[in-house]
1. How much FRET efficiency would the formula 1/(1 + (r/R0)^6) give for ASN98 and ASP48, where r is the Cβ-Cβ distance and R0 is 30 Å, rounded to 0.05?
2. Give the calculated FRET efficiency between ASN409 and ASN251 to the nearest 0.05, with a Förster radius of 25 Å applied to their Cβ-Cβ distance.
3. Could you point to the label whose value was computed as semi-axes √(5λ) of the Cα gyration tensor in Å for the structure here, given (1) 41, 25, 19; (2) 31, 27, 21; (3) 35, 25, 20?
4. What list do you get for HIS30, HIS96 if you sort them by fewest beta carbons within 10 Å?
5. Based on DSSP H runs of at least 4 residues, each adding -39500 (n - 2.57), what is the mean residue ellipticity at 222 nm of the chain after dividing by all its residues, to the nearest 500 deg cm²/dmol?
6. Roughly what would the spin-label model give for ASP348 and ARG68, points 7 Å off Cα along C-beta, in nm?
7. Sum up the charges of everything whose Cβ sits under 9 Å from the Cβ of GLY283, counting Lys and Arg as +1 and Asp and Glu as -1, but leave GLY283 out.
8. So for region 311-416, if I pair up every lysine 8 or more residues apart or on another chain, how many of those pairs have alpha-carbons under 28 Å apart?
Amino acid sequence: MDRIVLVFLLFVPTLCRTQDALERVRFDGHKIVSVNPENEGQLALLKDWWQGDANMDFWEEPRRLGSRVMFMVSPERLEAIENALSDARLQIQVEHDNIQQELDEMWKLLDLKATQLSSSFDYDDFNTYEEIMMELEALRDDCQPAGLDCEVYSIGKSYEGRDLKMLKISNGDSKNRKAVWIDSTIHAREWLTPATLMKLINQLIRAYNTDSDAQDLVNSYVFYMLPVVNPDGYVYTRTNRYWRKNRRPQNFGCAGVDLNRNFDFRWGTEGVSSNPCSDIFCGTEGGSEPETQAVQNELQRLGGGIVAMVTMHSYGNMWMFPWGTTVGHRGRNCDRASDHEDMKFVADRTADAIQQTYGTRWKRGNSCEVIYETSGGTDDYAKGVAGVKYSFCPELRGRNFVVNKSEINKSFNEFYNGIKAMLVAIELREPS
């Protein structure tokens with residue numbers, strides 16, 4: 001027990017401390033390790049670390065027996081963690097020996113890109129918040145020549161005052177059309193999500209007259225695209241690549257709320273932490289954050305007009321839907337919505353279409369069953385409060401938050417095929 005307490009104490013000082021935005025955070029010697037819990041005691045220990053005071057950076061959270069759990073370990077803490085895991089008879093596996101080597105290569109490429117003056121947006125690279133906001137305006141300007149009617153507007157501002165810009169895409173005849181909402185980057189470090197979404201937006205607008213699928217989609221639906229839900233966090237990942245939350249200051253010198261635990265539906269009940277230093281800190285109350293409030297308000301404004309809502313995450317190859325919680329919030333049986341079979345029908349056909357793109361296996365189902373119990377998520381709020389029946393939360397391709405830019409086009413192809421299949425499946429399930 002003493003060793004377990006030591007791990008908790010070792011994690012608090014450095015991970016709680018906010019970083020100077022001018023100094024790029026390094027992870028020299030940090031390892032990514034994994035364990036596989038085989039009994040309830042081992043699983044309970046890992047869940048205590050995930051939800052408690054340890055502030056460990058989990059990449060794959062404790063789910064169920066036999067399911068891999070993966071997290072980052074600093075060199076200073078490795079021995080204490082190994083001892084605690086040994087006491088619990090958990091075998092540790094090193095998945096990545098030194099993640100800074102990977103980051104060094106990434107920063108080298110991004111720094112080189114920053115020195116190359118270019119007025120064009122690179123859809124096959126990871127772009128900054130400012131570049132994405134500028135490109136949204138350029139995309140809007142290209143709508144009219146393509147025969148489309150588009151609008152860029154802010155649904156609110158982040159804690160640090162950045163706009164959450166939405167791009168609305170229609171063919172000009174949107175009065176009786178159902179809407180499709182897609183957002184990304186609620187978790188700042190998931191760079192593949194805005195890169196994938198921007199590529200989809202580009203396809204719908206600039207390939208409208210050459211891609212029959214894009215034309216069918218825009219002629220049938222109005223699209224609401226929100227590429228950066230968490231602007232402050234996303235900007236900060238250029239300093240600390242693995243930052244997840246927003247950037248509102250908290251107690252104990254910590255910063256940030258996990259926006260995907262902050263929505264005001266079943267808030268704070270499961271899969272969250274009340275520790276402001278934790279990566280899954282759910283905030284002081286449901287909807288406490290300005291970014292969350294902006295999304296909630298816009299979802300409610302659009303309300304029943306939305307036929308499908310997709311909130312993008314990475315990584316893991318999963319297509320999930322509500323609910324994220326268990327029955328009665330007792331942590332036992334996952335809660336299924338009354339229309340679970342309708343959502344499962346659509347999710348199955350969506351995931352099947354994605355799998356056929358490159359042959360990669362995708363899990364599907366309600367998020368509590370597929371991954372772990374959680375509360376206060378965007379998709380649960382969209383369904384439970386805004387009334388969006390088909391509300392989905394995909395985890396895009398990959399096995400890491402840091403991926404090569406060559407993955408962007410593959411991710412786009414999978415996601416584009418998935419969106420097309422999703423809407424066809426909804427039409428089959430909900431004939432007009």
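What follows is calculated from the coordinates using simple rules that are stated; it is not laboratory data. For clarity, every value in this text was computed on a predicted model and none was experimentally measured. Please note: Cβ atoms are built from the backbone with ideal geometry, for glycine as well, and neighbour counts cover all protein chains shown.
1. Efficiency computed from Cβ-Cβ geometry: 0.60.
2. Given R0 = 25 Å and the Cβ-Cβ separation, E is 0.05.
3. The value computed from this structure is option (3).
4. By the 10 Å Cβ count, ascending: HIS96, HIS30.
5. Per the formula, -12000 deg cm²/dmol.
6. 2.8
7. Overall, the nearby charge balance is -1.
8. Numbers: LYS344/LYS363; LYS344/LYS383; LYS344/LYS389; LYS344/LYS410; LYS363/LYS383; LYS363/LYS389; LYS363/LYS405; LYS363/LYS410.
Going through region 311-416 pair by pair, I get 8.
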